[in-house]
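Structure record follows, encoded as structure tokens.
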Amino acid sequence: MILAGLTHDELLHEALVQPRSARADFPDTRVTERPGWFQILTPSFRTGGLNEVAGAQLSDDEADAVIARTLAEYAAHDVRFRWIVTPDSRPKDLGERLARHGMSVEQVQVMAAAVADLAVEPPPDIEVVEVGPAELDTYVDTVAAGWSTDPEPLRAYLRFVSARRGPHHSFLALDAGRPVGAADHVAFTRSALFMGAVVLPEHRGRGVYRALLAARLRHVAAAGLRVVTTHARATTSAPILAHLGFATLVELDYYFNR
């Protein structure tokens, strides 16, 4: 697969590896990175976000001990985290071992599209604005309500990110001035990673997700970026994105400790 001049391997790099370089670490974030292991631990984000294990390549003999030790580390901080199992993860039965240790699984499709190939028409009654200081609190409250999570760590993080003026961009969807959804993207040199899209339950089925997608596409096109990638839940957003023209690069399993 080649999209806008990027090969399949380059697209995977944009979707899986490049985001690490653009990550905005919180003051208490701890990152452990070495060949065959990538881990983020952020104790202040107890209900999700900035807590992850990926790229794990473990031997058969050590895998269960490492899993148990990692689970205990996050449990000591009472933190929810995800363990991403990729095709090159080892041992080959890593996912089965994580499940035996009590972790639940969610299937995710890593998808990509050329911006020029997408024609997403938003509904006329949904307004989408880029989040600035004036919209930040409303955005945070909308995301927290959509994901049923504590808004305060996210509020502190977004203020931290906004002060850095980095590559993160947040968007708020409004219906007659009322917040109905939110989404983000991170801009890289060659692509943008779309993430965090959420629509409040009572407003689903009205094109809010499509409006958020269209707004972000306009934003990245104006910045001269040619490719967008995303990690889409197999049972929710992935079918919508496939219908709109996104292609699946690889399927992954996300395992969660709670």
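Quick notes
- Cα-centred dipole magnitude for the chain, charges only on beta-carbon of K, R (+1) and D, E (-1), debye, nearest 20: 300 debye
- When the Cα positions of Gly48, Ala238, Pro153 are compared along the charge dipole of the chain, Pro153 comes out farthest toward the positive end, with charges on each C-beta of Lys, Arg, Asp and Glu.
- Helix 63-76 and the long axis of the chain differ in direction by around 60°, with both axes built from C-alpha atoms.
- Largest mean-square fluctuation among Ile84, Ile67, Ile126, in a Gaussian network model of the chain whose springs join Cα atoms under 10 Å apart, belongs to Ile67.
- For the range 110-244, the solvent-accessible area of protein heavy atoms averages 46 Å² per residue (probe radius 1.4 Å; ligands and nucleic acids excluded).
- Along principal axes, Cα extents of the range 51-117, largest first, whole Å: 47, 28, 16
- Here the accessible area of the chain is 51 percent carbon and sulfur, with a 1.4 angstrom probe and all protein chains present.
- For the range 133-228, the direction-averaged projected area of the alpha-carbon convex hull comes to 6.2 nm².
- Probe 1.4 Å, accessible area per residue of the range 1-62, Å²: 50 Å²
- Summed over qualifying helices (DSSP H, 4 residues or more, each -39500 (n - 2.57)) and divided by its residue number, the chain shows a 222 nm mean residue ellipticity of -9000 deg cm²/dmol.
- Taken over the chain, the alpha-carbon convex hull comes to 126 cubic angstrom per residue.
- Scaling the Cα radius of gyration of the range 1-123 by the globular reference 2.2 N^0.38 Å produces a ratio of 1.23.
- Relative to the Cα centre, the charge distribution of the range 122-257, modelled as +1 at Lys and Arg Cβ and -1 at Asp and Glu Cβ, gives a dipole magnitude of about 480 debye.
- Considering only Gly224, Leu12, Val186, and ranking their Cα positions along the charge dipole of the chain that arises from unit charges at the beta-carbon of Lys, Arg, Asp and Glu, the one farthest toward the positive end is Gly224.
- Loop chymotrypsin sites (Phe, Trp or Tyr not before Pro), the range 169-254 (other Cβ atoms within 10 Å of the site Cβ: 14 or fewer; DSSP): none
- Ordering Leu174, Met1, Val110 by Cα displacement along the dipole of the chain toward the positive end leaves Leu174 in first place; charges were set at the Cβ atoms of Lys, Arg (+1) and Asp, Glu (-1).
The values are calculated or read from the model by the stated rules, or taken from the named source; none is laboratory data. As the structure is a computational prediction, the values presented were derived from the model and not from experiment. Counting neighbours? That spans all protein chains shown, and the Cβs are built from the backbone with ideal geometry, glycine included. Note: accessible area is taken over every heavy atom of the protein model, side chains too, but ligands, DNA and RNA are not part of it. Shrake-Rupley method; radii C 1.70, N 1.55, O 1.52, S 1.80 Å.
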